[in-house]
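Student: Just dropping this structure here.
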Amino acid sequence: MEMYQIWSRRIALGAFAFVLLFLSASADDVVVLSEDNFEKEVGQDRGALVEFYAPWCGHCKKLAPEYEKLGSSFKKAKSVLIGKVDCDEHKSLCSKYGVSGYPTIQWFPKGSLEPKKYEGPRTADSLAEFVNTEGDLLAGTNVKIATAPSNVVVLTSENFNEVVLDETKDVLVEFYAPWCGHCKSLAPTYEKVATAFKLEEDVVIANLDADKYKDLAEKYDVSGFPTLKFFPKGNKAGEEYGGGRDLDDFVAFINEKSGTSRDVKGQLTSQAGIVESLDVLVKEFVAASDEEKKFVFTRMEEEVEKLKGSASRHGKIYLKAAKNYLEKGSDYAKNEIQRLQRILDKSISPAKADELTLKKNILSTYAA
């Protein structure tokens, strides 16, 4: 009994350590500072760049993706800390350092709590140049901003028709100008939209430099920037996008227009893969007697034959689940859902997560 208790405690401690390791690995690359930890992190054995911000501040929201990029790039630089303080939550701390507007960015040299205010451009590259310069005085930092490949398809006069007028694709196009401030503000959000739908073969998120390709802008009646137009499979004349410009707005729009089921992180929602007509038959199938189930299964096969595109692919998963249900019994769906969830809880590729989520969603109709 005593050995069992020791063994149990070791497992619990191991699990706790794993959770701590996971949380540490998935933590924000920008260090969140407060009254409790500010002087433990800042003014110690490394220089610190600190953003004092307010959650409701528009300029802060605009800076956020650039500042995150900065944090990611300096993550392994032991001589520099990139941090931030929520001034709504920590008013006394912000007041202590003379913060009167947002965002305020200050540099704290190694071993000092006397800051130097940053007055330069609020881009990751400019901030990195500043930190490298200040850091060079002591540690010789020379960090470059990491650039991730874009998921936005860049359009030109050569590929516009091939991409946008493809009858098999739903295409959202941003017509922008390089000098346009609103276009620059939209860019990080638009990149996130493209990333959210990067695994959808039938959806394309694209942009066109309308300053460079004026003829295409004129052809599609573009008179201001940015202009967003949606070119669905069935209407290649283009439809004006008049929705909001937050990530949630774009994702909801694409899901509605394209029949996709993605969240803002690009993960499939619980509705992904669900086919309404087959759902009705699954309810009949589950409620039927063993003999009647075979007849309902035949009707499901006939319904799947009528489906096209992604619905047809999902229909095949419905049929496979029904076959396994017949062979393995009514507990099959519940047991298989639990098995798939265990795999989904691990670190797997986005494509694999999509595949398993579709199966799990469809199996849930058999376990309801």
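Student: Condition test on residue 242, is it open to solvent by 40 Å² or more (accessible area, probe 1.4 Å), out of contact with any strand residue (DSSP E or B) (no Cβ under 7 Å at 6 or more places or on another chain) and closer than 29 Å to residue 321 by Cα?
Tutor: Details: open to solvent by 40 Å² or more (accessible area, probe 1.4 Å): yes; out of contact with any strand residue (DSSP E or B) (no Cβ under 7 Å at 6 or more places or on another chain): yes; closer than 29 Å to residue 321 by Cα: no.
Here the answer is no, as residue 242 does not meet what is asked.
Student: Tell me yes or no: at least one residue of region 215-231 is out of contact with any Ser or Thr (no Cβ under 8 Å at 6 or more places or on another chain), open to solvent by 80 Å² or more (accessible area, probe 1.4 Å) and in contact (Cβ under 8 Å) with a residue 12 or more places away in the chain.
Tutor: Checked against the condition, which is being out of contact with any Ser or Thr (no Cβ under 8 Å at 6 or more places or on another chain), open to solvent by 80 Å² or more (accessible area, probe 1.4 Å) and in contact (Cβ under 8 Å) with a residue 12 or more places away in the chain, region 215-231 yields no hits at all.
Student: Is it the case that residue 357 is free of Cβ contacts under 8 Å to residues at least 12 places away in the same chain and either under 25 Å from residue 197 (Cα atoms) or of a type in the set (Ser, Thr, Tyr) (or both)?
Tutor: Details: free of Cβ contacts under 8 Å to residues at least 12 places away in the same chain: no; either under 25 Å from residue 197 (Cα atoms) or of a type in the set (Ser, Thr, Tyr) (or both): yes.
When the stated conditions are applied, residue 357 does not pass them.
Student: Quick check, is residue 126 loosely packed, with under 12 Cβ neighbours inside 10 Å and either of a type in the set (Gly, Ala, Ser) or in the same structural domain as residue 350 (by the TED database) (or both)?
Tutor: Considered against the rule, which asks whether it is loosely packed, with under 12 Cβ neighbours inside 10 Å and either of a type in the set (Gly, Ala, Ser) or in the same structural domain as residue 350 (by the TED database) (or both), residue 126 comes out as no.
Student: With in contact (Cβ under 8 Å) with a residue 12 or more places away in the chain, in contact with a Cys (Cβ under 7 Å, 6 or more places away or on another chain) and either within 22 Å of residue 57 (Cβ to Cβ) or outside the structural domain of residue 35 (by the TED database) (or both) as the only criterion, which of 102, 97 stands out? Before the answer, list the steps.
Tutor: On the way: 97 fails: in contact with a Cys (Cβ under 7 Å, 6 or more places away or on another chain).
Testing whether each residue is in contact (Cβ under 8 Å) with a residue 12 or more places away in the chain, in contact with a Cys (Cβ under 7 Å, 6 or more places away or on another chain) and either within 22 Å of residue 57 (Cβ to Cβ) or outside the structural domain of residue 35 (by the TED database) (or both) leaves just 102.
Student: Can you name every residue in region 333-346 that is open to solvent by 100 Å² or more (accessible area, probe 1.4 Å) and within 25 Å of the chain's Cα centre (by Cα)?
Tutor: Across region 333-346, the qualifying residues are 342, 345, 346.
Student: Something else: Which ones in region 65-92 are in contact with a Phe, Trp or Tyr (Cβ under 9 Å, 6 or more places away or on another chain) and without any contact (Cβ under 8 Å) to a residue 60 or more places away in the chain?
Tutor: The initial filter retains those residues of region 65-92 that are in contact with a Phe, Trp or Tyr (Cβ under 9 Å, 6 or more places away or on another chain), namely 67, 80-88, 90.
Residues satisfying the conditions are 81, 82, 83, 84, 85, 86, 87, 88, 90.
Student: Another question, then. Got a sec? Which helices (runs of 4 or more DSSP H) wholly within region 122-237 have at least 1 residues that are within 26 Å of the chain's Cα centre (by Cα) and closer than 26 Å to residue 102 by Cβ?
Tutor: Details: elements: 124-136, 160-164, 181-196, 214-219.
Fully inside region 122-237 and qualifying: 124-136, 181-196.
Student: Would you pick out the residues in region 243-296 that are part of a loop (DSSP other than H, G, I, E, B), of a type in the set (Gly, Ala, Ser) and in contact with a helix residue (DSSP H, G or I) (Cβ under 7 Å, 6 or more places away or on another chain)? Please lay out each step first, then the result.
Tutor: From region 243-296, those part of a loop (DSSP other than H, G, I, E, B) are 243-246, 259-261, 263-267, 269-275, 288-289; that's our starting set.
From the residues that got through so far, the ones that are of a type in the set (Gly, Ala, Ser) too are 243-244, 259, 261, 266, 270, 272-273, 288-289.
Selection gives 243, 261, 266, 270, 272, 273, 288.
Student: Considering only strands (runs of 3 or more DSSP E) fully contained in region 25-117, which possess at least 2 residues that are modelled with pLDDT of 95 or more and closer than 21 Å to residue 129 by Cα? Even if it seems obvious, please write down each step before you answer.
Tutor: Values: elements: 31-33, 47-53, 80-86, 104-108.
Because the criterion is at least 2 residues that are modelled with pLDDT of 95 or more and closer than 21 Å to residue 129 by Cα, the strands (runs of 3 or more DSSP E) in region 25-117 that meet it are 47-53, 80-86, 104-108.
Student: Filter region 47-60 for residues that are within 25 Å of residue 147 (Cβ to Cβ) and either in contact with a Gly (Cβ under 8 Å, 6 or more places away or on another chain) or surrounded by 17 or more Cβ atoms within 10 Å (Cβ to Cβ) (or both) and give the result.
Tutor: Within region 47-60, 47, 48, 49, 50, 51, 53, 60 qualify.
Student: From (1) farther than 30 Å from residue 168 by Cα; (2) assigned to a helix (DSSP H, G or I); (3) more than 24 Å from the chain's Cα centre (by Cα), pick out the condition that doesn't hold for residue 330.
Tutor: All conditions are met except number (2).
Residue-by-condition table, conditions (1) of a type outside the set (A, V, I, L, M, F, W, C); (2) surrounded by fewer than 15 Cβ atoms within 10 Å (Cβ to Cβ); (3) within 24 Å of residue 196 (Cα to Cα):
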| site | (1), (2), (3) |
| --- | --- |
| 82 | no, no, no |
| 86 | yes, no, no |
| 100 | yes, yes, no |
| 113 | no, yes, no |
| 150 | yes, yes, yes |
| 170 | yes, no, yes |
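Student: Also, quick follow-up: Go through (1) out of contact with any Lys or Arg (no Cβ under 8 Å at 6 or more places or on another chain); (2) open to solvent by 60 Å² or more (accessible area, probe 1.4 Å); (3) at pLDDT below 95 for residue 181 and report which single condition fails.
Tutor: The single condition residue 181 does not satisfy is (2).
Student: Follow-up. So, in region 278-305, how many residues would count as being closer than 15 Å to residue 319 by Cβ, open to solvent by 20 Å² or more (accessible area, probe 1.4 Å) and charged (D, E, K, R)?
Tutor: Number satisfying all stated conditions: 8.
Student: Next up: Sort through 124, 146 and tell me the only one that's at pLDDT below 95, in contact with a Ser or Thr (Cβ under 8 Å, 6 or more places away or on another chain) and farther than 15 Å from residue 60 by Cα. I'd like the intermediate steps shown before the answer.
Tutor: Details: 124 fails: farther than 15 Å from residue 60 by Cα.
On inspection, the qualifying residue turns out to be 146.
The values are calculated or read from the model by the stated rules, or taken from the named source; none is laboratory data. From a predicted model like this one, the values you see are computed outputs, not experimental measurements. Cβ coordinates were reconstructed from backbone atoms using ideal geometry, including for glycine residues, and neighbour counts include every protein chain displayed. Side chains included, ligands, DNA and RNA excluded: accessible areas come from the protein's heavy atoms. Shrake-Rupley method; radii C 1.70, N 1.55, O 1.52, S 1.80 Å.
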